[in-house]
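Nothing in this text is a laboratory measurement; each read-out follows from the coordinates by a stated rule. Being a predicted model, the structure only gives us computed values, none of them experimental. Glycine also receives a Cβ, built like all others from the backbone with ideal geometry; neighbour counts cover every protein chain displayed.
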Amino acid sequence: KRRRKMKRHIVMIGMMGAGKTAIGSELARRLHVPFTDSDAEIESAAAMSISEIFARDGEAFFRDRETQVLSRILKGPPGVVSTGGGAWMQAGNRELIRAHGLSVWLNCDLETLWHRVRQRSTRPLLKTADPKGTLARLLEQRAPVYAGADVTFEARADDSIEAAATRLIDQL
Ligand code: S3P
């Protein structure tokens with residue numbers, strides 16, 4: 001079977017817990033292109049976890065690194081890229097993503113997001129007295145901005161990663 005060579009990146013955006021990394025890596029596998037996770041790249045470059053970077057250097061420092069890493073990934077060979085939930089919130093990052101790829105918003109409801117993130121304590125932004133309320137506020141602030149992505153994919157709570165990837169490929 002002949003495949004069309006992918007010319008642009010596919011960039012997964014959306015809230016923490018939406019499945020950007022899980023669905024993105026499955027998508028890359030099916031499309032036979034490289035997969036890169038910007039959070040993982042930031043962690044390995046800094047030899048620290050995201051939580052440690054936030055604690056030691058602060059969010060502004062993290063956002064700087066995020067832009068640097070995204071820029072490097074997006075200027076490299078086309079593949080599927082998963083971004084951190086806040087990446088799309090910066091106008092400069094949106095321009096960068098639009099210049100190099102197709103943006104895909106994994107839209108997911110609050111209950112599903114909360115169910116997925118509450119088990120893991122790796123998200124520094126949720127280290128608050130009311131993490132679910134924080135998540136709800138972030139979703140409310142961000143959803144209208146995420147909606148500017150090229151593609152909106154409705155992530156279903158009951159979809160397996162495989163089923164989600166199949167539906168997404170159909171939609172692209
Ligand atoms: C963040 C999401 C995280 C990570 C950081 C900040 C955010 O990535 O980049 O904790 O601002 O929503 P995931 O969306 O992969 O959890």
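Going by how many other beta carbons lie within 10 Å of each one, how would you line up Leu139, Leu102, fewest first?
By the 10 Å Cβ count, ascending: Leu102, Leu139.
Less than 30 Å apart at the alpha-carbon level, and either on another chain or at least 8 residues along: which lysines does that give for Lys5?
Those lysines meeting the cut-off are Lys20, Lys75.
Please sort 161-168, 82-89 by packing, taking for each peptide the average over its residues of neighbouring beta carbons within 10 angstrom, highest first. The partial results should precede the final answer.
Working: 161-168: 16.6, 82-89: 22.6.
Descending packing order for the listed peptides: 82-89, 161-168.
Do the sum for the chain: with -39,500 (n - 2.57) for every DSSP H run of n ≥ 4, divided by all residues, what is the mean residue ellipticity at 222 nm, to the nearest 500 deg cm²/dmol?
Values: 7 runs with 92 residues, N = 172.
Per the formula, -17000 deg cm²/dmol.
If I take all pairs of Cα atoms in the range 62-169, what percentage of them are more than 25 Å from each other?
Numbers: 1522 of 5778 pairs.
Roughly 26 percent, once rounded to a whole number.
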